1. With a 1.4 Å probe and all protein chains left in place, how much of the accessible area of the range 21-85 comes from carbon and sulfur atoms, in whole percent?
2. Where only protein heavy atoms count, and the probe is 1.4 Å, what is the accessible area per residue for the chain in Å²?
3. State which stretch of the chain is the longest one without any exposed trypsin sites (Lys or Arg not before Pro), exposure meaning a DSSP loop state and at most 14 other Cβ atoms within 10 Å.
4. In the full protein assembly as shown, how much of Val60 is accessible to a 1.4 Å probe, in Å² to the nearest 10?
5. Treating only the Cβ of Lys, Arg, Asp and Glu as charged (+1, +1, -1, -1), what charge dipole size does the chain show about its Cα centre? Round to the nearest 20 debye.
6. Magnitude of the Cβ-charge dipole of the range 1-44, K/R +1 and D/E -1, about the Cα centre, nearest 20 debye?
7. Considering all alpha-carbon pairs of the chain, what whole percent are spaced by more than 15 angstrom?
8. Between the helical axis of 45-65 and the dominant principal axis of the chain, each derived from Cα atoms, what acute angle in degrees is found, rounded to the nearest 10?
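The values are calculated or read from the model by the stated rules, or taken from the named source; none is laboratory data. Since the model is a prediction, treat every value here as computed from it, not as a measurement. Cβ placement follows ideal geometry from the backbone for every residue including glycine, while neighbour counts extend to all protein chains displayed. Heavy atoms of the whole protein, side chains included, go into the accessibility calculation; ligands, DNA and RNA do not. Shrake-Rupley method; radii C 1.70, N 1.55, O 1.52, S 1.80 Å.
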Amino acid sequence: MRREGFELVLHRSLTEPILIGGAPRAAAILIGTLAAVLALGLRLWIAGLVLWIVGHGLAVWLAKRDPAFVEVAARHIKHKAWLTC
């Protein structure tokens with residue numbers, strides 16, 4: 001039912017998750033930072049590149065299944081062991 005004057009226009013960007021390269025922003029920043037630490041800080045270029053490719057690929061795959069997997073995983077870790085089913 002529509003009433004005059006009570007229409008709300010919701011922009012699509014307010015409902016979609018923020019992704020960087022297909023991965024959630026928090027996961028992409030974390031993976032990129034760890035890969036940069038390995039590659040630049042410890043001078044393990046190959047290990048940093050492999051970590052970035054595998055980690056970002058995994059994050060993209062998980063984001064395709066559930067775009068909010070980072071928030072879900074964070075909540076899952078906070079639960080105590082006595083909440084098991």
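1. Numbers: 3690 of 5070 Å².
Of the solvent-accessible surface of the range 21-85, carbon and sulfur hold 73 percent.
2. On the way: 7560 Å² over 85 residues.
Heavy-atom SASA per residue in the chain reads 89 Å².
3. Formally, the longest exposed-site-free interval is 4-42.
4. Val60 exposes around 30 Å² with every protein chain in place.
5. So the magnitude is around 180 debye.
6. Values: 5 positive and 3 negative charges, 25 e Å.
So the magnitude is around 120 debye.
7. 69 percent
8. Between helix and principal axis, roughly 20 degrees.
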